[in-house]
Amino acid sequence: MERAPVHGIEVFLTIVQEGSLRAAARALGVGAPAVSLQLKALEEKMGVGLIHRTTRSIKLTEAGQVLFEAAAPAYRDMIYAVKKTKETGQSAQGTLRLSLSRGAYMTAVTPVLEKFQAENPGINLDLSWNEELVDIIKEGFHAGIRLGDILSPDMVGVRLTPPLTTVFTAAPSYLERHGCPKRPRDLLDHSCIRYRLPTAKKIADWVFIEDGQEKVVNPPTRLVFDHITGVIQATREGHGIGFSLHATVEEHLNSGDLVQVLEPYTQQYPPFYLYYPEQNRRVECLRLFIDCLVTNRDRNAKLAKQTKTSKADHLSGLR
């Protein structure tokens, strides 16, 4: 395919519109000799003269008239397309597409969703819950939210949470029938509901911190799900002991549907991060969403610090 000398055509159109090479140079912000050289290079590329120029005026040749009439509308369309593209990136209007897990939604997005939508009525959120790792560029997402230890190094990452608290839970009905495990090895005598990692295609290990060391226990597996929602539902129904992030079952713990077990032995997971390709850095909808998430993160960190300080002061006063 033959390539059009776009820059030369831009100079040519500017000369015609401004009425002289000197005026075109001012409009383009370059020197008059540069405009003259560009016009000459374009004519050589075309193999035909385009403008008769004298010291006082310019006049299009027949070939120049053909080029002007054909190129001017196309150039205006191109300028309009560039303008609309810039407005799309800089506008607080439109749809922001995100790929994230249920845990990421519950932990990072739920606390800010109402506030963000109230402050940004022109932005629609298109959220795709997916436990698998997704190629957000290929799938057309602006950004994703995942655990920090599985981010691609070519993405820009923004931390959204502190390290995450994990929980092992069971329904009261299950514990009444089978008793409550006291130590991780007790799980070998229990029915357990496991989670299969969708991307790795393997059952996630159950890892505990016992006697200051990290230990893996793989208990008997009666049920396996490839989505954490299934694990939570089956656990609530009393089919066994399940594992998840605290935020994903907090409402069930508060209501009494689930009871936490083995609390002293649970480990923490890495924080959730929002990640996106560098080319999306200037997307205004994404910037506003990140600002909202980061403001919530910093506020929570400040409250946690104040709570920790208050507890320390209280204990100091008791001594």
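The values are calculated or read from the model by the stated rules, or taken from the named source; none is laboratory data. Only a predicted model underlies this, so the values are computations on that prediction, with no experimental measurement involved. Note that we place each Cβ from the backbone using ideal geometry, even for glycine, and neighbour counts take in every protein chain shown.
Starting from the range 124-135, take each residue that is surrounded by fewer than 16 Cβ atoms within 10 Å (Cβ to Cβ) and list its partners that are in a strand (DSSP E or B), counting only C-beta distances under 6 angstrom and pairs at least six apart or across chains.
Filtered contacts from the range 124-135: N124/T95; L125/L96; D126/T95; D126/R97; S128/S99.
Which of the residues spanning the range 179-205 are of a type outside the set (V, I, T) and in contact with a helix residue (DSSP H, G or I) (Cβ under 9 Å, 6 or more places away or on another chain)?
Within the range 179-205, the subset of a type outside the set (V, I, T) is 179-192, 194-198, 200-202, 204-205.
Within the range 179-205, G179, C180, P181, R183, P184, D189, H190, S191, R194, Y195 qualify.
Take the range 192-223 and flag every residue that is in a strand (DSSP E or B) and closer than 19 Å to W129 by Cα.
Narrowing the range 192-223 to residues in a strand (DSSP E or B): 192-197, 202-203, 206-210, 213-217, 221-223.
Within the range 192-223, Y195, R196, L197 qualify.
When the range 221-236 is examined, which residues are found to be at pLDDT below 95 and of a type in the set (S, T, N, Q)?
Within the range 221-236, T221, T229 meet the criteria.
Quick check on my filter: what residues within the range 245-266 are in contact with a strand residue (DSSP E or B) (Cβ under 8 Å, 6 or more places away or on another chain) and surrounded by 15 or more Cβ atoms within 10 Å (Cβ to Cβ)? Before the answer, list the steps.
The first filter runs over the range 245-266 and keeps only residues in contact with a strand residue (DSSP E or B) (Cβ under 8 Å, 6 or more places away or on another chain), leaving 245-247, 249, 252-253, 258-263, 265-266.
Once the filter is applied, which keeps residues that are in contact with a strand residue (DSSP E or B) (Cβ under 8 Å, 6 or more places away or on another chain) and surrounded by 15 or more Cβ atoms within 10 Å (Cβ to Cβ), the range 245-266 yields L245, H246, A247, V249, H252, L258, V259, V261, L262, Y265, T266.
Restricting the search to the range 96-125, which residues are of a type in the set (V, I, T) and within 13 Å of the chain's Cα centre (by Cα)? Break it down into steps so the answer makes sense when it comes.
Of all residues in the range 96-125, those of a type in the set (V, I, T) come to 107, 109-110, 112, 123.
V109, the sole residue that qualifies.
Among the residues of the range 298-314, is any under 25 Å from P153 (Cα atoms), in contact with a Ser or Thr (Cβ under 8 Å, 6 or more places away or on another chain) and either assigned by TED's automatic domain parsing to the domain that holds G148 or at pLDDT 95 or above (or both)? Steps first, answer last, please.
Quick first cut of the range 298-314, residues under 25 Å from P153 (Cα atoms) only: 298.
Going one step further and asking which of them are in contact with a Ser or Thr (Cβ under 8 Å, 6 or more places away or on another chain), we end up with none.
No, that holds for no residue.
Do we find a residue being without any contact (Cβ under 8 Å) to a residue 12 or more places away in the chain, farther than 14 Å from H239 by Cβ and either surrounded by fewer than 21 Cβ atoms within 10 Å (Cβ to Cβ) or more than 39 Å from the chain's Cα centre (by Cα) (or both) anywhere in the range 183-193?
To start, the set of residues in the range 183-193 that are without any contact (Cβ under 8 Å) to a residue 12 or more places away in the chain comprises 186, 189.
Still in the running and farther than 14 Å from H239 by Cβ: 186, 189.
Next cut, either surrounded by fewer than 21 Cβ atoms within 10 Å (Cβ to Cβ) or more than 39 Å from the chain's Cα centre (by Cα) (or both) only: 186, 189.
Yes: the range 183-193 contains one or more residues that are without any contact (Cβ under 8 Å) to a residue 12 or more places away in the chain, farther than 14 Å from H239 by Cβ and either surrounded by fewer than 21 Cβ atoms within 10 Å (Cβ to Cβ) or more than 39 Å from the chain's Cα centre (by Cα) (or both).
Filter the range 113-123 for residues that are surrounded by 16 or more Cβ atoms within 10 Å (Cβ to Cβ) and either small (G, A, S) or farther than 21 Å from V294 by Cβ (or both) and give the result.
Taking the range 113-123 and keeping what is surrounded by 16 or more Cβ atoms within 10 Å (Cβ to Cβ), we get 116, 120, 123.
Residues satisfying the conditions do not exist here.
So in the range 26-56, with the set limited to residues that are part of a strand (DSSP E or B) and at pLDDT 85 or above, which one is surrounded by the most Cβ atoms within 10 Å (Cβ to Cβ)?
Applying the first criterion (part of a strand (DSSP E or B)) to the range 26-56 yields 51-53.
Still in the list and also at pLDDT 85 or above: 51-52.
Details: I51: 19, H52: 11.
This residue is I51.
Somewhere in the range 217-236, is a residue of a type in the set (S, T, Y), over 20 Å from S191 (Cα atoms) and either surrounded by fewer than 19 Cβ atoms within 10 Å (Cβ to Cβ) or assigned by TED's automatic domain parsing to the domain that holds Y195 (or both)? Steps first, answer last, please.
Initially, the range 217-236 is screened for residues of a type in the set (S, T, Y), giving 221, 229, 235.
Cutting the leftovers down to over 20 Å from S191 (Cα atoms) gives us none.
Checked the range 217-236: no residue is of a type in the set (S, T, Y), over 20 Å from S191 (Cα atoms) and either surrounded by fewer than 19 Cβ atoms within 10 Å (Cβ to Cβ) or assigned by TED's automatic domain parsing to the domain that holds Y195 (or both).
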